[in-house]
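Below is one structure, written out as C-alpha cells, with a few remarks after it.
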Amino acid sequence: MSKHKSLYILWVLPTTLLGVFIFLLGGGVPIKIKYGVLWWRVEWGLLKKFWAPKYSGMTIGHCVILVDEKELDILVSKIIAHESIHVYQDEKWGPTLKIPYLIASVIAVIKGKHYYYGNVFEEEAYSLQGEFANRAAMILEASENVDIPDLFRRLKREGVFR
Ligand SMILES: [Zn+2]
C-alpha cells in the first residue's frame, strides 16, 4: 500500500468507522478488501428489508456495501465504478461523516429536484460511471491491483473527466 493511501485511510477513518457501525447494525457482512476498499454484502436486518430492494450499493468512507457481491467479479461493473466514485468523494471530504452528502440532498429538495438523483454527489457518480467503468476495466486488465478511487482521482486530474 502506498503512503499516499495510508494517509487517505486515516483522513477518512471517522467516516469509515461510521460505515462499519451502520453496516454491522443494519445487517451487513464484510466480504473482502479489493481495489483499496472494504466491501460488504447485505445479509439480513434493516438494510435487507428496506434498503436492498431499492438500491444496489452504498458507500460510507472506505466501506461499500453491495446487494449483489457478484458485481465484484465483473471487470468493472457500472455499480462498482459508481461506488468507487463515491469512495473518491469521501476521500476528498475526509472525516465529515457524510454530512456534505446529506446537505446536498437537502439542497436538491430546496431546488425542487429529487433528493437522490438531484444530489450533486449522485449526479457526478451517475454521469461518469459508464466512462469510468470502461477506463478502469482497461487499466485493470493490465494490472490487477489498482486502487480505483485513486485511479478516478488521477483521471480527473489528467482532465479525462470534468
Ligand atoms: Zn450513488
Give me the distance in nm between label points sitting 7 Å out from Cα along the Cα-to-Cβ direction at Glu141 and Leu24, one decimal.
-> 4.1
Relative contact order of the chain, pairs being alpha-carbon contacts under 8 Å that are 6 or more residues apart, as % | 23
Select from Val42, Val109, Val64 the residue whose mean-square fluctuation is largest in a Gaussian network model of the chain (Cα-Cα springs shorter than 10 Å).
-> Val109
The pairs in Lys32/Lys156; Lys32/Lys78; Lys70/Lys156 lying past 22 Å Cα-Cα in this model are Lys32/Lys156; Lys70/Lys156
Net charge of neighbours whose Cβ lies under 12 Å from the Cβ of Leu13, counting Lys and Arg as +1 and Asp and Glu as -1 = -2
Within the chain, which DSSP H helices have Cα atoms that stretch 15 Å or more along the helix axis and a mean Kyte-Doolittle hydropathy of at least -1.0?
-> 13-26, 78-93, 99-110, 120-142
Charge sum, other residues only, whose C-beta stays under 10 Å from Leu66's C-beta, Lys/Arg counted +1 and Asp/Glu -1 | -2
Using a Gaussian network for the chain with springs between C-alpha atoms less than 10 Å apart, which of these wobbles most: Ile31, Ile80, Ile60?
-> Ile31
Over all Cα pairs of the chain, how is the pair count split among 10 Å bins, expressed in % and running from 0 up to the last occupied bin?
-> 11, 39, 40, 10, 0
Using the charge dipole of the chain (Lys, Arg: +1 at Cβ; Asp, Glu: -1 at Cβ; taken about the Cα centre), state which of Gly28, Asn119, Val64 has its Cα farthest towards the positive end.
-> Asn119
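The numbers here are math on the coordinates, done by the rules we state, and not lab data. Not measured: the values here are computed from a predicted model. No Cβ is skipped: glycine too gets one built from the backbone with ideal geometry, and neighbour counts run over all protein chains shown.
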